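Participant: The structure's right below; bear with me while I get my questions together.
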Amino acid sequence: MKRKKKYLWLSVLSVCAALGVWELVTDILQLMPSYMLPSPAAVVEAFIYKLTGGVNPDGATLWQHISTSLKIALGGYTAGVVIGVPLGIAMAWYKKVDLFVKPLFDLLRPVPPLAWIPLLILWFGIGYSAKVAVIFLSAMIACVVNSYAGIKQTRQVHIWVAQTFGASDLEILFRVAIPTAWPMIFTGLKTSLGSAWMALVAAELLASTSGLGYMIQMARQMGRADIIIVGMFVIGVIGSLMSGILDLLGKKFVHRGGSK
Amino acid sequence: MEPASQVILQCEHLSRSFRRPDGSMYQVLGDVSFSVHENEFLVLFGPGQCGKTTLLKLLAGLDRPDGGTVKMNGQPVAAPAPSRGVVYQTTALFPWMTVMGNVSFGPLAQGLSKEESRRRAQYFIDLVGLHGFENHYPNQLSGGMQQRVGIARAYCSNPQVLLMDEPFGHLDAQTRYMMEEELVRIWQEEKRTVIFVTNNIEEALYLADRLILLTDCPAVIRREYPIRLARPRDYVDPEFLHLRQEISRQMDPAQ
């Protein structure tokens, strides 16, 4: 803890240096025209404008964009988790499910979720559903992969222990295999949240009528680099906030997984 | 002490082979037959890595023999059952459960109520000397303490037979002596039939009512020794040393 504090200035330094260089090339030396790289002050101004209810140039406030994006991301993510985790667990535990699902899954897994977008737009239009479906796909895949790997880590001797105590197959799954897998399952929840958020923003760049990705896209068309940077910043902050929240939950619920 | 006369577990002509990666077979268990009496402390003693664990797994029902049968109370053993508790070589505790969680796992799996399971677990936790450690996780315990939990856990599902597969093999010598002493104390307090596998002659002689000497691969019974030394035993007692020497001589394949 003490060491962390001692070197905090290094982290502060890097942020200050980046801001300094940015200020230098814009306001001070004017190496970059402001329509390509606005000054930090201009970005802050745009941020405050959007935050306090400004609707130009994309027709909605920052809060509306954030709420659209979050709704889609969390909707698709939740569906991905609810389907993906049990599916991964079932595949790892039941040989027949594995044999049945694996070929399809292996074929679909390398397809980037974004490659689904054209087809999904054909099916669902550019509204809510198409994007939820993209997020669902990207979240589900990470959940399946991690839950599967987690269950496969179950030690044979633990299964024997449970068997000699007369535990049924289902009891062994729930009381031995899933606790073993829990840290991995949690890793899956985290990575899939990250990939869901990234897939969402990309999906909104392509097909959208609101949302953070849409805001960035509109800003590009209007030549508003300041809004683009505001959008990127907000996406970054929300992404790391979400992963931070999951980390905290993880510390609370996974700390016992420790040694094997 | 004389073993009670009632036979509880019986193996007849057990054999087991495994397939090597290249497809050839190797036999780890020859033709093994013996009976175990109620409340007897039987030690299966033999050199090397061969056959003993396999034999114990057959007795537990965790593996099936190629030939022969295992019978418990006259009934053939086909699957693992709570009546045969196992203490494993490496600690096989569940790392995500506390000591209490581990020990009460058996009774819970057998459908006992939570209160009853905890009450029973508490009794055996106290018996193995871990009072006060109920809420510790296995990785917070030393190796010896972990094996105490393993013993309490095996006891807690109230088995008729306890199968122990070199439970002290990974402990340092000092802890090992202490655990052997402890095991005898626990066993004398809570008598069960114990079948104990080891490749350590001192340990075998310290614990056994009866000792079965197995050969190396494929394992067959070479000789049987009733061990009538009084308990608690002394590692440097002349009779103890004499037996030790005799059995060691028997192990020498040149004989």
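Participant: What does the charge dipole of the stretch A:84-178 about its Cα centre add up to, to the nearest 20 debye, if the Cβ of each Lys and Arg holds +1 and the Cβ of each Asp and Glu holds -1?
Facilitator: 100
Participant: Restrict the search to the stretch A:1-48; then list the chymotrypsin sites (Phe, Trp or Tyr not before Pro) that DSSP places in a loop and that have at most 13 other Cβ atoms within 10 Å of their Cβ.
Facilitator: Answer by residue number: A:Tyr7, A:Tyr35.
Participant: Report, in order of residue number, the helices in chain B meeting two criteria: a C-alpha extent of 15 Å or more along the helix axis, and a mean Kyte-Doolittle hydropathy of at least -0.5; treat each whole DSSP H run as one helix.
Facilitator: Helices meeting the span and hydropathy rule in chain B are B:143-156.
Participant: Let me ask something additional. Compare the Cα positions of A:Gly211, A:Met32, A:Gly166 along the charge dipole of the protein assembly as shown (+1 at Cβ of Lys, Arg; -1 at Cβ of Asp, Glu; about the Cα centre) and return the one farthest towards the positive end.
Facilitator: The listed residue farthest towards the positive side: A:Met32.
Participant: Right, something else. Where the accessible area of the protein assembly as shown is counted over protein heavy atoms with a 1.4 Å probe, how much of it, in %, is carbon and sulfur?
Facilitator: About 62 percent, which is the carbon plus sulfur part of the accessible surface.
Participant: Further question: Pick out, from A:Leu246, A:Val132, A:Pro113, the residue whose Cα sits farthest towards the positive end of the charge dipole of the stretch A:69-255, with +1 on the Cβ of Lys and Arg and -1 on the Cβ of Asp and Glu.
Facilitator: Going by the Cα projections, it comes out as A:Leu246.
Participant: Rounded to the nearest 5, what % of DSSP beta bridges with both residues in the protein assembly as shown are antiparallel?
Facilitator: Here the share of antiparallel DSSP bridges comes out near 50 percent.
Participant: How high is the relative contact order of the stretch A:111-190, in percent, with contacts defined as C-alpha pairs under 8 Å that are six or more residues apart?
Facilitator: 34
Participant: Separate question: For the protein assembly as shown, which cysteines have no disulfide-compatible partner, meaning no other cysteine Cβ under 4.7 Å?
Facilitator: Result for the protein assembly as shown is A:Cys16, A:Cys143, B:Cys11, B:Cys156, no neighbouring Cys Cβ within the cutoff.
Participant: What is the distance in Å between the Cα centroid of the stretch B:168-232 and that of the stretch A:44-104?
Facilitator: So the separation of the two Cα centres works out to 60 Å.
Participant: What is the mean number of Cβ atoms from other protein chains located within 10 Å of the Cβ atom of each residue in peptide B:85-94, rounded to a whole number?
Facilitator: That average works out to 4.
Participant: Also, I was wondering about something else. Tell me, what is the Rg over Rh of chain A, with Rh the Kirkwood radius over Cα pairs?
Facilitator: Rg/Rh: 1.09.
Participant: Further, regarding this structure: With springs connecting C-alpha atoms under 10 Å apart, model chain B as a Gaussian network and identify which of B:Phe168, B:Phe196, B:Phe133 has the largest mean-square fluctuation.
Facilitator: Taking springs between Cα atoms under 10 Å, the residue moving most is B:Phe133.
Participant: Under the definition of Cα pairs under 8 Å and six or more residues apart, what whole-number percent is the relative contact order of the stretch A:1-111?
Facilitator: 9
Participant: Would you compute, from DSSP H runs of 4+ residues alone, the mean residue ellipticity of chain B at 222 nm, taking -39500 (n - 2.57) per run and dividing by the full residue count, rounded to the nearest 500?
Facilitator: Helix contribution divided over all residues of chain B: -10000 deg cm²/dmol.
Participant: Sticking with this one: What average number of partner chain Cβ atoms lie no more than 10 Å from the Cβ of the residues making up B:100-108?
Facilitator: So the per-residue partner count for this stretch is 2.
Participant: For the stretch A:131-203, what log10 I(q)/I(0) values come out of the Debye formula at q = 0.24, 0.25 1/Å, with one point per alpha carbon and no solvent?
Facilitator: For the stretch A:131-203 at q = 0.24, 0.25 Å⁻¹, log10 I(q)/I(0) is -0.92, -0.97.
Participant: Something else about it: As a check on your grasp of the helix formula, calculate [θ] at 222 nm for chain A: sum -39500 (n - 2.57) over DSSP H runs of n ≥ 4, divide by the residue count, round to the nearest 500.
Facilitator: Mean residue ellipticity, 222 nm, calculated: -25000 deg cm²/dmol.
Participant: So what's the stretch B:123-255 giving for Rg/Rh, alpha carbon basis, Kirkwood Rh from the mean inverse pair distance?
Facilitator: Reported Rg/Rh (Cα atoms, Kirkwood Rh): 0.99.
Participant: Further question: Quick check: the angle from helix A:95-108's long axis to the longest principal axis of chain A, C-alpha only, nearest 10 degrees?
Facilitator: 20
Participant: Set Lys and Arg Cβ to +1 and Asp and Glu Cβ to -1, take the dipole of the protein assembly as shown about its Cα centre, and tell me which of B:Gln27, B:Asn39, A:Ala196 lies farthest positive.
Facilitator: The one lying farthest along the dipole's positive direction is A:Ala196.
Participant: Specify the angular offset, from 0 to 90 degrees and rounded to the nearest 10, of the alpha carbon long axis of helix A:8-23 from the longest principal axis of the alpha carbons in chain A.
Facilitator: 40
Participant: Do you know which residues of the stretch B:39-75 lose at least 10 square angstrom of accessible area in the protein assembly compared with their chain on its own, with a 1.4 angstrom probe?
Facilitator: The answer is B:Lys57, B:Leu62.
Participant: Each residue of the stretch A:75-92 in order: what ³J(HN,Hα) in whole Hz does its phi give by Karplus 6.51 cos²θ - 1.76 cosθ + 1.60, θ = phi - 60°, with x for Gly and Pro?
Facilitator: x, x, 5, 4, 4, x, 5, 4, 8, x, 5, x, 5, x, 5, 5, 5, 6
Participant: Another question, then. Please give the charge dipole size of chain A, origin at the Cα centre, charges +1 on K and R Cβ atoms and -1 on D and E Cβ atoms. Round to the nearest 20 debye.
Facilitator: 1140
Participant: With a 1.4 Å probe on protein heavy atoms only, work out how much accessible surface B and A bury together, total over both chains, in Å² to the nearest 100.
Facilitator: So the total buried area for this chain pair works out to about 2000 Å².
Participant: Kirkwood hydrodynamic radius, computed over distinct alpha-carbon pairs, for the protein assembly as shown: how many Å, to one decimal?
Facilitator: One over the average 1/r among Cα pairs gives 27.9 Å for the protein assembly as shown.
Participant: How big is the charge dipole of the protein assembly as shown about its Cα centre, in debye rounded to the nearest 20, if each Lys and Arg gets +1 on its Cβ and each Asp and Glu gets -1 on its Cβ?
Facilitator: 1140
Participant: Per-residue HN-Hα couplings for the stretch A:50-58, Karplus 6.51 cos²θ - 1.76 cosθ + 1.60 at θ = phi - 60°, whole Hz, x for Gly and Pro?
Facilitator: 5, 5, 9, x, x, 10, 8, x, 10
Participant: For the stretch A:69-255, what's the relative contact order in percent, using C-alpha pairs closer than 8 Å and at least 6 residues apart?
Facilitator: It rounds to 25 percent for the stretch A:69-255.
Participant: Related question: Within a 10 angstrom radius of each residue's Cβ in A:174-184, how many Cβ atoms of other chains show up on average? Whole number is fine.
Facilitator: 2
The values are calculated or read from the model by the stated rules, or taken from the named source; none is laboratory data. Computed from a prediction, not measured in an experiment: that's the story for all the values here. Ideal geometry is used to build each Cβ from the backbone, glycine not excepted, and the neighbour counts take in all protein chains shown. Surface accessibility is based on the protein's heavy atoms, side chains included, excluding ligands, DNA and RNA. Shrake-Rupley method; radii C 1.70, N 1.55, O 1.52, S 1.80 Å.
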